[in-house]
Amino acid sequence: QVTVFLGLQSLGFYAMVAWLPSIYREQGLAPTDAGLLASVVPLAAVLGGLTVPARAARARDQRAATFLVSLGTALGFAGLMAAPLAAPLLWVLVIGTSQGAGFPLALTLVVLRSRTPADTQRLSAMAQAIGYTIAALGPLLAGAARDATQGWAVPLGLLSLLTVGQAVTGLWAGRARYVGDPAGNA
């Protein structure tokens, strides 16, 4: 569950890093404006990354944090799909903040879902090896969907749908359970 959460979160992030400038260029923005919007994502990510995981680690479980991070990402994708030029700065701020919180939250879950250093090491190795394999598909899937449909609505809709999967696995991974527990399933 932690692995899939990390994989889907990273899939969305890498797809945005790869394609956000192209999305805005195809909407008619100048290259400098599209690049400026793309540069806001990592800046906003710092805010999410510095606040959400630390707060989530102090909570009894992390279900609310995984859900809110996923919801923010899905809303940002949906806004970018439905009205990219209506509020472009808002969409990149929402996407950046949510995705910036999601990655360190996934790494925090690795630690919180394991009791021993050996369990942490095994869960981390699995989450990162399989998770980054999932993540590598993001730019490829988004680009292939864009080429097949000649637009960004389908790829952004697909990313929104995958973020729903991220939310569901995050709700499971966020439970106060541990690797090795009979009902742990972390």
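The values are calculated or read from the model by the stated rules, or taken from the named source; none is laboratory data. From a predicted model like this one, the values you see are computed outputs, not experimental measurements. Here the Cβ is made from the backbone with ideal geometry for all residues, glycine too, and neighbour counts use every protein chain on show. Surface accessibility is based on the protein's heavy atoms, side chains included, excluding ligands, DNA and RNA. Shrake-Rupley method; radii C 1.70, N 1.55, O 1.52, S 1.80 Å.
Let me check I have the definition right: for the chain, take the eigenvalues of the Cα gyration tensor, multiply each by 5, take square roots. What are those semi-axes in whole Å, largest first? Show your work: numbers first, answer last.
Working: eigenvalues 187, 52, 33 Å².
After scaling each eigenvalue by five and taking roots: 31, 16, 13 Å.
Pick from Ala136, Ala144, Ala57: which is most flexible by mean-square fluctuation in a GNM of the chain where alpha carbon atoms under 10 Å apart are linked?
Ala144
How much of the accessible area of the chain, in percent, comes from carbon and sulfur atoms when a 1.4 Å probe is used?
Carbon with sulfur: 70 percent of the solvent-accessible area.
Rounded to the nearest 20 Debye, what is the dipole magnitude of the chain about its Cα centre when Lys and Arg each give +1 and Asp and Glu each give -1 at the C-beta?
That gives a dipole near 600 debye.
Find the accessible area per residue for region 74-186; the probe is 1.4 Å, ligands and nucleic acids are left out, and the unit is Å².
Per residue, region 74-186 has an accessible area of 46 Å².
In deg cm²/dmol, rounded to 500, what helix-only [θ] at 222 nm does the chain give when every DSSP H run of at least 4 residues adds -39500 (n - 2.57) and the total is split over its residues?
Value at 222 nm, helices only, nearest 500: -29000 deg cm²/dmol.
Accessible area per residue for region 1-43 in Å², computed with a 1.4 Å probe and the full protein assembly in place, what is it?
So region 1-43 comes to 42 Å² accessible per residue, rounded to a whole number.
I want to verify a result. In a Gaussian network model of the chain, Cα cutoff 10 Å, which of these has the top mean-square fluctuation: Thr169, Thr73, Thr149?
For the chain, modelled as a Gaussian network with Cα springs under 10 Å, the answer is Thr149.
Percent of Cα-Cα pairs more than 16 Å apart in region 96-135, please.
38
Simple spin-label model, 7 Å along Cα-to-Cβ: Leu89 to Arg115 in nm?
Once both label points are built, they end up 5.1 nm from each other.
Just want the answer: with Cβ charges of +1 for Lys and Arg and -1 for Asp and Glu, which residue in Thr73, Ser39, Leu90 is farthest toward the dipole's positive end in region 1-126?
Final value for the positive-end residue is Thr73.
Whose amide H sits under 5 Å from the amide H of Arg113, counting only residues 5 or more places off or on another chain, with H placed in the peptide plane?
Amide H to amide H, under 5 Å and 5 or more residues apart or across chains, Arg113 pairs with nothing.
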